[in-house]
1. Can you show me the helix-derived [θ] at 222 nm for the chain, built from DSSP H runs with n ≥ 4 at -39,500 (n - 2.57) apiece and divided by the number of residues, rounded to the nearest 500.
2. Quick one: Kirkwood hydrodynamic radius for region 174-288, alpha-carbon pairs, angstrom, one decimal?
3. Ranking 459, 64 by Cβ neighbours within 10 Å, fewest first, what do you get?
4. What ranking of 674, 379 emerges when the number of other C-beta atoms within 10 Å of each C-beta is taken as an exposure proxy, fewest first?
5. From the Cα gyration tensor of region 411-550, with a ≥ b ≥ c the square roots of its eigenvalues, which class applies: rounded if a/c is under 1.5, or else prolate if a/b is larger than b/c, or else oblate?
6. Run the quick spin-label model on residue 401 and residue 531: label points 7 Å from Cα toward the beta carbon, then report their separation in nm to one decimal.
7. Once label points are set 7 Å from the Cα along Cα→Cβ at both residue 117 and residue 676, what is their separation, rounded to one decimal in nm?
8. Set the Förster distance to 25 Å, then compute FRET efficiency between residue 553 and residue 194 from the Cβ-Cβ distance, nearest 0.05.
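What follows is calculated from the coordinates using simple rules that are stated; it is not laboratory data. These numbers were taken from a predicted model, which means no experiment stands behind them. Cβ placement follows ideal geometry from the backbone for every residue including glycine, while neighbour counts extend to all protein chains displayed.
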């Protein structure tokens, strides 16, 4: 099918091949075939620049771009969504910058801190604040336990041709024909202030699907195969993944959405799918059939690459700790259990510093791997079709009274209601599974935390370190592997012995026409629908934990920065920069939350950063104070600011939570120094919080250690002049070494934000 140069091959998962062919160079799509880009003119096709207009992504981006040019985009979105870890900070930021009312539909969900289990009243205080904000500014408020944020947005807002922005990294509604993007909170604040989302035109990669999944293979299996084949090489990093091909018709809407939501783990910018009669039928079932429109690539459309996947070749998968890309077929894992589990033990020791954990090989008994827990939850696992398959597999069986246990979280109340009416909830409960509310907790360490040393298999989005809620720094460790709901149910039926769903003789198949009757009466009974009906006289309700952002100063003329942390892992996740789980309860109190920054990666980061900040705060009052003079080493305290920086090779994979950057800023951080940023959204957070996003490709060779310093004379003038290459001095053990740091692709507005000190200051001006 693929015709053209580039890497053509199969992503190997075990003895057999999962057919994933990757062509990383430009191609034209015509008549179901892909033609190499250089052969296009001879075939009568237009130039690549002209043919790009034939992609679905181009049409959607052009419709939302406020500029006349398309190489740079200034996007206004159709709707936005935030959950209760992020919306307080976003609204506080926008309020400080002059917010009067929400200028677009803004949905506030309460699906992350729903349990209200940590910190006394502070979680519910935030929920009360959110409701008061929805009333005051004209928003939509979804109370706790009603819906997972992305389930709600699929049901209520996603439709072909739309663009939605969310303050959660798994904001993906491509299966509905919507281009959705997950970003840090400041980008949502910009939309609330009628500003735009500014990016360069992204690459668009075709994801061409053929065939149909075999019984027992679910959407998580397909997603993990794609992630395993693309993430480590950065094949689709910051690109739009555009899904189409004959294989799409073999998938239900739930199945498509289950694949789509996991595209975040490839590090892509967004995703979009072709639409068909199945899309129309589903939107009609949701009461929004009038929002359907056909969407497909045009003949001759040009793509920056293509990934071809034969769905019929995908097998049940498992992604071992500590990343979704650490993916294998379950069959391959079983054939190499001891070696692969040993690799996890090594990673736990190296990445988490856990040296004395019981080896995972002890969970192999009589040649079988025994797991301790199963979870089917959230935006990826809690769909109707996934839970129906799990119920069918478990019906008439018993999980058993040993260590293994299973919990299931429907993604929304309408899903829960339909599962209950059809008897599937009863089947799950009768088998021994526990049914939980519509809650994201197991995905980020705030629900169903396993025992120390336990191994959990989950149909959720991530298996990063600490995502299961353990605290390695306190001697606790547990493990999460990602699997599909079908194989999790098969394992539960086998009393915790790891089992791929395709090993069952009676495995039910997934039908493309499998849909469910949508009843939103639960929403109508509880959701506050205030879009377009702002009530300015409403008072915001503040709990004692809700605090304003600390004031930040403009960028000084010169900077002397001290390394407060140096991380040499290949990739650093946002969870490592600011842990998820119970720490998120303090997300509305910037100073309190900052105490947790890097706490599970480098416990000394906070005291180091605070020590530098204390001297900087003294400098602002008295530049000639002895402590300031000593710290500056003879430099002028009137013009030279003191701050800290974090060095990491590739920071920012994973969550869109702005706190990964804002906590550094609150503690006096002025820069991140790295070889490259893992995601665009994390770099955006760094900039929006007034920090310099420095790149130095050879930074690993600098051997930066905590306490080393980076002297940046004339940094303000360099930014004002538009320079992208900055001369600096690295100070190590009293020795000075000239170095060069870069700010590639930095825009004028980004410079202005950093010069002002942060986005709030920029808008205040």
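1. On the way: 27 runs with 227 residues, N = 765.
Using -39500 (n - 2.57) per qualifying helix, the result is -8000 deg cm²/dmol.
2. So the Kirkwood estimate lands at 15.3 Å.
3. With the fewest neighbours first, 459, 64 line up as 64, 459.
4. Numbers: 674 26, 379 30.
By the 10 Å Cβ count, ascending, the order reads 674, 379.
5. On the way: a/c = 2.79, a/b = 1.27, b/c = 2.20.
It is oblate, given that a/c is not under 1.5 and a/b is not larger than b/c.
6. Between residue 401 and residue 531, the label points sit 5.1 nm apart.
7. 3.8 nm
8. For residue 553 and residue 194, the calculated efficiency is 0.40.
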